[in-house]
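The values are calculated or read from the model by the stated rules, or taken from the named source; none is laboratory data. None of these values were measured; they are calculated from a predicted model. Neighbour counts are summed over all protein chains in view; Cβ atoms, including those assigned to glycine, are modelled from backbone coordinates with ideal geometry. For the accessible areas, the whole protein counts, side chains as well, though only heavy atoms, and no ligand, DNA or RNA atoms are used. Shrake-Rupley method; radii C 1.70, N 1.55, O 1.52, S 1.80 Å.
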Amino acid sequence: MNAFGWFQTFVQDLRYGLRELQRHPGFAITAVLSLALGIMAATAMYSVIHGVIVDPFPYKDVDDLASIFIRNQEQTGARGGYSIEEFDEVSRRSKVFSGVAASTISDVLWMNNGEPQRLRGNHISNNGFDVMGVPAMLGRTVSGSEEAPETKVVLGYRFWVNKLAANTGVIGTTLVLNGRPRVVVGVMPPRFMFRGADVYVPIRYRTGELAEGVDSLWITARLKSGIQAAALEADLDPIFRDLAARNPTRFPKKWRVEMVSFKETFPSGIREVLWIMFGAVGLLLLIACANVSNLMLARSSAREREISVRAALGAGRGRLFRQLLTESLVLGLLGGLLGVGLSWLGLRAILAIVPPNVIPDESEVTLNLPVLAFSFLACLITTLIAGFAPALHAASGDLAKTMKEAGRGSGGSRSMSWLRGGLVIVELSLAVILLAGAGLFLHTFIRLRTAPLAVGVDNRLVMRLPLNAERYPTVERRSAFIREALDHIGALPGVLGVGINAGLHPLGSWTAPVQIVGIPDADPRPVNIHQINAAYLKATGIKLLSGRAIEDADVGARRHLAVVNQTFAERYFAGQRALGKVLRVPRLRRPPIALEDDSFEIVGVAADAIHELQTGESRPEFYIPYSITGLANTLVVHTAGDPLRMAPYVRAQIYALDHSQFVDESRTLEDLIDRDVYSRGRFQLWLMGLFGTVGLTLSVIGVYGLVSQIVALQRREFGVRLAIGASYWHILRSVLTRGLRLIMAGLIIGLITALLLLRRYGLQLGVTDPFNLASISGACGVLLAAGVAACIVPAVRAARTNPVSAIRLE
């Protein structure tokens, strides 16, 4: 057959398929909706994966961009911050890069209508835009050959829209940033969000010069084409060996240079979860395919006589197979179109529950061409999976046998029954996996929400107080301002206590390994470091168990004292008294802190605060006076009433001390914990719960459809059995038993598969107990109950068969 003849045949099959769907609207609607639900979920999830993982960054040849790390070979972790001298050395001496850019994220002060506002600034090297390779949307960028780059500024798109009302006349105007006038030369495109900056402040970094207080730089390099890993190491190793010889305190004893791709440097915080959820969507799509395939097999049973007649008139098996597969293609296309339309809503729903700060700022999550291409491919694959078995079965049947069975009204062969039963078992087993995942996420989320924090959460106001490095360059000046601010805020009516820290319980803090004087082989794992005032423990509700707390006199005198928590004491002093012991923090001897004395005497032991809310675990931590470094910047204000109502009064006290000092991120501690901790568990629970519910619904439809057809095909048999004395309950039990066999087979296969998957991926799922019996048995119970409910209606219908009507109809 030539191409034109093939096309004519295809059009005929297409028209015939559409007529068949019009003749049986119930079948068509059910099949199309089943496919649409699966394709909707797959398209929405892939659009998130494409925007977050596959193509998250808009920079030119992003795979050629990389970051440089100094990896400590004796401990976990790596250093990615470099001095200006180190950046300058790498820029001048390296031969494997076509460009090396430096940047650092720091607060930038912008006076707007008389009120200081904090901007997120990227102090980027003047060649940074050349390295990233993205032109400005409005105006221009700053180039590596720019004269006086320190007099210019490039705006981020969001800042331009939100703060400057997208004013196109902003080019050429002047903004006073950190007390210096800078001319606006350009506005970057929406997706250029390199390190999430509001403003890009170009600087020509020179060794020996400290520009705007910047002393730590992040290096982003663009590799030359064809550079291999061995060449990278050979080029960079001697450079850093020279730097380490000049300044050994900047390097650990054993280290190596490591290049990390840009995508791996700034990955999404939910990358693993997204892939797992995409796998769950794949299971859901398979359930939809099995459901539609089952529906088509049911239709094939009713059409066996028609197909046999067509075969008797000369239609070959290939021709019949092609026609039936074309009919499934019609279903797939209709389901795909509806699914893509619904995926817009699904995508909005997913983005609404995505946890904050886990997707790169540059990511564009939308239904773009690659996503639509994926959806089209999913439609084709779905069509083949759903339609292949019914088409093959119908086209390869025995003509004489089919005609005889059709003539007797049997309506279906034994092989058809086995095939349909197998598909239902597949649906049920896949649904068990999804429901088990949803149950485990529910268990984890409940455990997360009910975990005892051991810190006070109610009526706590949290504010960030980042001190400008140029206005407060020394420890003494920073500490003096913090002390005055704490005194003023603590005197406000309605304030029960005010604390400050360089971190925040239970969300995080500084970490570093410690050494214990007198214990040479102390545990080298990092511990949490908190830099606090005397009132911090009281303001956060953390109890002192023994010894004494840090006092105001200790803070004022900058005494090297420490209070440790229970877990710290148990790790390092098991069976011994911690009070009076001395700990050392070698990292505090390194720049930029550069303490001469890194030892602290332990004077107290405090109660544990929960850090790992999912498991209820606490990390070892200790507290030192904030005046040691003057780098504490997070206020915790315990109020008598609504914390947010106190925020303006707290800010006013700060402005009264320094009208140019901004205060950032005024939120309640309860809101912060919900945003940064609970939101991720809620995201996983909602998605897996939705997928599990849809999978359960489709599986129940499959069970109901199969049992209903069995009842319809055996109506005469049931009539005869009732006529010769079978009871109502006997028929009911017979049908339910047949349905239960399918359900139990699906449960067993699904349970075994789920346990195998949990053994491999359980911890990556983020669940606390992958083999939680209550969650898994609950999933099985839900499916069993739903499956039995699906069998009851056709079973009751069979038991109520009128023997006379059934026999007469036959």
Exercise. Determine the order of Ile227, Ile792, Ile68 by accessible area, beginning with the largest, at a probe radius of 1.4 Å.
Key: Ile792, Ile227, Ile68
Exercise. With a point put 7 Å past each Cα toward its Cβ, work out how far Gln228 is from Glu617 in nm, to one decimal.
Key: 4.1
Self-check item: Theoretical ellipticity at 222 nm over the chain - DSSP helices of four or more residues, -39500 (n - 2.57) apiece, nearest 500
Solution: -17000 deg cm²/dmol
Quiz prompt | Only Lys, Arg (+1) and Asp, Glu (-1) charged, at Cβ; region 197-264 dipole about Cα centre in debye | solution = 240
Quiz item: Which value, in debye to the nearest 20, gives the size of the charge dipole of region 525-681 about its Cα centre, when Lys and Arg are +1 and Asp and Glu are -1 at the Cβ?
Solution: 420
Practice problem: For region 42-92, run through the GluC sites (Glu not before Pro) and keep only the ones in DSSP coil with at most 12 other Cβ atoms within 10 Å of their Cβ. | Solution: Glu74
Quiz item: Mind listing which GluC sites (Glu not before Pro) in region 102-171 are in a DSSP loop and have 13 or fewer other Cβ atoms within 10 Å?
Solution: Glu147
Exercise. Count charges around Thr629 for me, please; just the other residues with Cβ under 11 Å from its Cβ, Lys/Arg as +1, Asp/Glu as -1.
Key: +2
Quiz item: Which whole number of Å³ per residue matches the convex hull of the alpha-carbon atoms in the chain?
Solution: 220
Quiz item: Whose amide H sits under 5 Å from the amide H of Ile542, counting only residues 5 or more places off or on another chain, with H placed in the peptide plane?
Solution: Gly456
Exercise. Using a cut-off of under 13 Å, list every residue of region 635-652 whose amide N is near the label point 7 Å from the Cα of Glu670 along the Cα-to-beta-carbon line.
Key: 639-645
Quiz item: Expressed as a whole percentage, what fraction of the accessible surface of the chain belongs to carbon and sulfur atoms when a 1.4 Å probe is rolled over the protein heavy atoms?
Solution: 58
Self-check item: Those trypsin sites (Lys or Arg not before Pro) in region 26-112 that DSSP places in a loop and that have at most 14 other beta carbons within 10 Å
Solution: Lys60, Lys95
Quiz prompt | Radius of gyration, Dmax [region 651-700; alpha carbons; angstrom] | solution = 21.3, 67
Practice problem: Would you mind giving the average projected area, over all directions, of the Cα convex hull of region 629-764 in nm² with one decimal? | Solution: 17.2
Practice problem: Using 0.36 nm per residue of separation minus the Cα-Cα distance, give me the extension gain between Ala789 and Leu337 in nm, one decimal. | Solution: 159.5 nm
Quiz item: Leaving out ligands, DNA and RNA but keeping every protein chain, what accessible area does Ile610 have, in Å² rounded to the nearest 10, with a 1.4 Å probe?
Solution: 20
Self-check item: Computed over the chain: relative contact order in percent, which uses C-alpha pairs under 8 Å that are six or more apart
Solution: 17
Quiz item: Which whole DSSP H helices in the chain pass both tests: a Cα extent of 24 Å or more along the axis and a mean Kyte-Doolittle value no lower than 1.6?
Solution: 25-49, 369-395, 773-799
Quiz prompt | Residue (of Met137, Ser618, Ala451) at the positive-pole extreme of the chain, dipole from beta-carbon charges | solution = Ala451
Quiz item: Hey, any idea what Rg/Rh is for region 257-302, computing Rh the Kirkwood way over Cα pairs?
Solution: 1.45
Quiz prompt | Local electrostatic count at Leu461 - Lys and Arg +1, Asp and Glu -1, tallied over other residues with Cβ under 14 Å | solution = -1
Quiz prompt | Å² per residue, accessible surface of the chain at 1.4 Å | solution = 45
Self-check item: Other-chain or far-sequence residues with amide H under 5 Å of Trp255's (modelled H)
Solution: Gln73
Quiz item: How far, in nm, would the chain grow between Thr474 and Arg589 when pulled straight, counting 0.36 nm per residue and subtracting the alpha carbon separation?
Solution: 39.8 nm
Self-check item: region 120-238: relative contact order as a whole-number percent, Cα under 8 Å and 6+ apart
Solution: 34
Self-check item: Per-residue ³J(HN,Hα) for region 518-524, Karplus 6.51 cos²θ - 1.76 cosθ + 1.60, θ = phi - 60°, Hz, x for Gly and Pro
Solution: x, 10, x, 10, 5, 3, x
Quiz item: In the chain, how many lysine pairs have Cα atoms under 20 Å apart, counting only pairs 8 or more places apart or on different chains?
Solution: 5
Exercise. Please compute the net charge surrounding Asp597, taking Lys and Arg as +1 and Asp and Glu as -1 over other residues with Cβ under 12 Å from its Cβ.
Key: +1
Quiz item: Using a ≥ b ≥ c from the Cα gyration tensor of region 123-269 (square roots of the eigenvalues), is it rounded, prolate or oblate, where a/c under 1.5 gives rounded and otherwise the larger of a/b and b/c decides, a/b for prolate?
Solution: prolate
Quiz item: Dipole magnitude of the chain about its Cα centre, charges +1 at Lys/Arg Cβ and -1 at Asp/Glu Cβ only, in debye to the nearest 20?
Solution: 3340
